[in-house]
1. So, R0 is 35 Å and r is the distance between the beta-carbons of residue A:151 and residue B:73; what FRET efficiency does that work out to, to 0.05?
2. Please give every one of the aspartates and glutamates within straight-line cross-link reach of residue A:87, meaning a C-alpha to C-alpha distance under 14 Å, and leave out same-chain neighbours fewer than 8 residues apart.
3. Set the bar at 29 Å for Cα to Cα. Now go through B:8/B:109; A:50/A:172; A:50/A:150; B:8/B:55; A:150/A:176 and name every pair that lies beyond it.
4. Angle check, please: helix B:4-16 long axis (alpha carbons) against the longest principal axis of chain B (alpha carbons), in degrees 0 to 90, nearest 10.
5. Give the angle, between 0 and 90 degrees and rounded to the nearest 10, that separates the Cα long axis of helix B:42-56 from the longest principal axis of the Cα atoms of chain B.
6. Can you pull the mean other chain C-beta count within 10 Å for peptide A:93-106?
7. Relative to the compact-globule scaling 2.2 N^0.38 Å, provide the ratio for the alpha-carbon radius of gyration of the range A:1-51.
8. Between Rg and the Kirkwood Rh of the protein assembly as shown, both from Cα atoms, what is the Rg to Rh ratio?
Amino acid sequence: MNELSLHILDICQNSIKANSTLIEIIITEDTYHNLFEIIIKDNGCGMSDKTLSEVADPFFTTRTTRKIGLGVSLFKMAAEMCNGTFKVDSIVNKGTVISVIFEHNHIDRAPLGDIGETLMILILNEREVDVYYEHIFNNEKYIFDTREIKKVLDDIPFTDYSVIMWIKDNIKNGIKNLQKEVT
Amino acid sequence: MKSLDDLKKIRDASQSKVTMRGKNDGTRILVGMATCGISAGARPVMNVFVEEIAKRDLNTVTVTPVGCIGECAIEPIVEVLQGENRTTYCRVDEEVAKRIFNEHVIGGKIVNDYVIGKYRL
């Protein structure tokens, strides 16, 4: 996968399958310390210690259509390629936290890519889920929270396509401004 | 930058529209969005469908991300469900997605070049 936002989409699909009602995605870019950190937190069904020890194994999966599960292992590989670290913590019935750290300027670190598209697809999922997205670039911060949007929308469904387009533009511009103010 | 005020305008516009979005009427588009689909390029394909629906302001067509059906080698897979008919497309890219939308979803004619299966539910 050539964008980090594709990995994030992939990992969040796991959260949705784990019956989460809230997914928090926190991205911290710290160019002073050369760090790019991604934290994905959910309140889904969590994993037992045994599952947790197998989760990064490409030959472990819970799906039945195939014997291979590559999502988590690919993300781990992407981090380790960039002198980074990959950590999963999980408590059964409480949720799961994945934290991944990359070297910000590492030549193999993929760009974040179109995170707006990623969040849009999460929102369009059949199972309704709240998404909190926080993006920190050195001292600047952008926050997107579907719970805030819901307050404005009243009874209009989230899946109204004009709303979806607004969300995508909002995220895209928010992140663009973040990076502009710094450079 | 688009502000919350714009969102309020969208809300007010939508409230005046009569929306009928039941689960089984109209057209449902399903896009395979597991690891295999994502790495084969399903996300931009899904984006094409969302943009086309928003552009034409259709309220009888929905697009939903779904899991893996086990044919990872021919992803991205797109399924179009209309009434009792289910059509499965494989190796869909952005251009094919546009064709599927224009020729099949709007025009009602199946894009035979990319079909892997056509059967009744």
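No lab work stands behind these numbers, since they all come straight from the coordinates. Given the structure is predicted, the values throughout are model-derived calculations rather than measurements. Ideal geometry is used to build each Cβ from the backbone, glycine not excepted, and the neighbour counts take in all protein chains shown.
1. The calculated FRET efficiency here is 0.20.
2. A:37, A:49, A:54, A:57
3. Pairs exceeding the cut-off: B:8/B:109; A:50/A:172; A:50/A:150.
4. 80 degrees
5. Long axis of B:42-56 versus the principal axis of chain B: about 40 degrees.
6. What the average comes to for A:93-106 is 0.
7. Working: Rg = 13.1 Å, N = 51, 2.2 N^0.38 = 9.8 Å.
Taking the Cα Rg and dividing by 2.2 N^0.38 Å, one obtains 1.33.
8. Numbers: Rg = 19.5 Å, Rh = 20.3 Å.
Checking Rg against Rh, the ratio lands at 0.96.
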